[in-house]
Amino acid sequence: MQNMAKDIIAQLSKIKENELKNSISILFKPKQKDIIFKVLNEEPLTKTEAEYYSRIIKKKLEAITALNDMANMALRKQVRRGSK
């Protein structure tokens, strides 16, 4: 039974990983993805990559975070219909 639970968790993790990779590919160019993964893996960036990260990528990530917060708030609200 425990092995089955572990398998299900592993499958769900793989699905989430694929969804995340797909979303990142939609929002970021390949080189931007490379830089993001370098940051996540705590790998050193070149001077050019670090400048590009702080000027472009970091701002985009901050905007995504703000949109995520707004989306979560909207999803928690009750939808009310107006009268015609």
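Quick note: the coordinates plus some simple rules give every number you see, no bench work behind them. All values derive from a computational prediction rather than experimental measurement. Every residue, glycine among them, receives a Cβ derived from its backbone with ideal geometry; neighbour counts consider all protein chains shown.
Points worth noting:
- Phi to ³J(HN,Hα) by Karplus 6.51 cos²θ - 1.76 cosθ + 1.60 over the stretch 71-80, Hz, x for Gly, Pro: 4, 4, 5, 5, 5, 7, 7, 7, 8, 10
- Under 19 Å from Lys38, Cα to Cα: aspartates and glutamates that are on another chain or at least 8 residues apart: Glu17, Glu49, Glu51, Glu62
- All other residues whose Cβ lies under 15 angstrom from that of Leu27 are scored, Lys and Arg at +1 and Asp and Glu at -1, for a net of +4.
- Cβ-Cβ distance of Lys58 and Val79, R₀ of 41 Å, FRET efficiency by 1/(1 + (r/R0)^6): the value works out to about 0.75.
- Ellipticity at 222 nm from helices only: DSSP H runs of n ≥ 4 in the chain, each -39500 (n - 2.57), divided by the residue count, give -24500 deg cm²/dmol.
- Pair-distance distribution of the chain: all C-alpha pairs, bin width 5 Å, starting at 0; shares per bin in whole percent are 3, 11, 14, 15, 14, 13, 11, 9, 5, 3, 2, 0.
- For the stretch 60-65, putting each phi into the Karplus relation 6.51 cos²θ - 1.76 cosθ + 1.60 with θ = phi - 60° gives couplings of 5, 5, 5, 5, 5, 4 Hz, in residue order, rounded to whole numbers and with x for Gly and Pro.
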